[in-house]
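The values are calculated or read from the model by the stated rules, or taken from the named source; none is laboratory data. Keep in mind it's a predicted model, so treat the numbers as computed, not measured. Don't worry about glycine lacking a Cβ; one is built from the backbone with ideal geometry, like all the others, and counts go over all protein chains shown.
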Amino acid sequence: MNQDKNKTALQELNGIEQPDSLSKEALNKVLYQRKQQPTPETLVAQILEGNKTALSRAITLVESTQAAHQEKANSIIQSCLPKANRSIRIGITGVPGVGKSTFIEAFGKYLTSIGKKVAVLAIDPSSSISHGSILGDKTRMEELVKDENAYIRPSASGNTLGGVARKTRETIILCEAAGFDTIIIETVGVGQSETAVHSMVDFFLLLKIAGAGDELQGIKRGIMEMADAIIINKADGDNVAKAKLAKTEFNRALHLFPTKKSQWTPTVSTCSAYEKKGIEDVWETITKYINLVKDNGYFEENRRNQNQFWMMETINEQLKLDFYNHKQVMALLEQNKKALQNNEISPFAAALNLLEAYYSK
């Protein structure tokens, strides 16, 4: 009787105990697998089988600055070289907001639909303050990332020229060895420094938008001169007429440039990545270009020149790292920085002091 009096409508009853949201067994299994460091030989074997996980682990080693990782990475790259150089490499650039990610997803999905295997190497800008990077391209390409015949690898640009990750060139080799026959490199933006991207691809694609004042850039050298094709994106809705006008303006501008060594005449076309219109025409243009340069011998000549360029770039990068990691340079660097701030020494004299310390090793 007393028990019934204590019961009220507001009394909380014991519910069903909720299970743990995280399985300790699964967590321990994941942690164990992460601790296991596969040998370079194991990674190479898995990469050649098309294993994306192994490919990602190998790229992580390539991007690492640790000496032990670099040794493994060099071994992996050397083993993968015989299976490389069997893809079409496409560089895609454009100003922020031009729709690069949307275009690449629509373009990539079209390529996989016709039997191609596509690897997207997306370069994300790094903050000059925090040095961090969002690396959100997989989120922005939500359909392509789920495609079995596609692979997306975002990398931070760091302080490298043109927003090209330091090891992008080596990453291309690994992707080719994994069986990807079309490599797309997305850059952070446009500018004179995009030469770095141009020097590692077979076809350079420049995305533009109409009505943004870009037409005036058509009479300037630099990025326009390097482009093999110009695509006016977002040619949909009220923008269709503007896109057609922009196409005419760019076509006129391209006639001012000298003939390319490839003997290819750059083309201008419109497309809507959002509505997936004009995407097929872009691939037809690239196919025509590849057929032309393979027939006239420019394709192989360009690849050889690119290899020489990246040999020199690798030497420059290694010398730079060696210089700043030199013990005497590291000890004198802060002293010279303070002397510069106090106007006690000129920048040129400070640089000579550091170089003398480096060469006296």
Residues of segment 78-108 satisfying the condition of being touching a helix residue (DSSP H, G or I) at 6+ places or on another chain (Cβ under 7 Å), assigned to a helix (DSSP H, G or I) and closer than 19 Å to LEU206 by Cα: SER101, GLU105, ALA106, PHE107, GLY108
Taking into account only those residues within segment 219-238 that are outside any loop (DSSP other than H, G, I, E, B) and modelled with pLDDT under 90, which is surrounded by the most Cβ atoms within 10 Å (Cβ to Cβ)? ILE223
May I ask you to say which residue of LYS261, LYS288, LYS276, LYS294 is among the charged types (D, E, K, R) and in contact (Cβ under 8 Å) with a residue 60 or more places away in the chain? LYS276
Would you mind listing the helices (runs of 4 or more DSSP H) fully within segment 135-218 where at least 3 residues are within 15 Å of the chain's Cα centre (by Cα) and modelled with pLDDT of 90 or more? 168-177
If you take just the helices (runs of 4 or more DSSP H) that sit entirely in segment 2-77, which of them hold at least 2 residues that are outside the structural domain of LEU174 (by TED's automatic domain parsing) and modelled with pLDDT of 90 or more? 40-48, 52-63
Which of the numbered conditions does TRP310 fail, given that it passes all the others? Conditions: (1) surrounded by fewer than 15 Cβ atoms within 10 Å (Cβ to Cβ); (2) touching a residue at least 40 places away in the same chain (Cβ under 8 Å); (3) of a type outside the set (Gly, Ala, Ser). (1)
The listed residue being under 30 Å from GLU143 (Cα atoms) and out of contact with any Cys (no Cβ under 9 Å at 6 or more places or on another chain), out of SER262, SER272: SER272
Going through segment 241-258 in order, the residues found to be in contact (Cβ under 8 Å) with a residue 24 or more places away in the chain and in a helix (DSSP H, G or I) are LYS242, ALA243, LYS244, LEU245, ALA246, GLU249, PHE250, ARG252, ALA253, LEU254
Would you check if GLU105 is acidic (Asp, Glu), out of contact with any Ser or Thr (no Cβ under 8 Å at 6 or more places or on another chain) and farther than 21 Å from LEU48 by Cα? yes
Scanning segment 325-359 for residues that are of a type in the set (Ser, Thr, Tyr) and loosely packed, with under 12 Cβ neighbours inside 10 Å, which turns out nearest to MET200 (Cα to Cα)? TYR359
Criterion (of a type outside the set (Asp, Glu), modelled with pLDDT of 95 or more, in contact with a strand residue (DSSP E or B) (Cβ under 9 Å, 6 or more places away or on another chain) and within 30 Å of LYS234 (Cα to Cα)) met by exactly one of ILE123, ILE92, ILE114, ILE88: ILE88
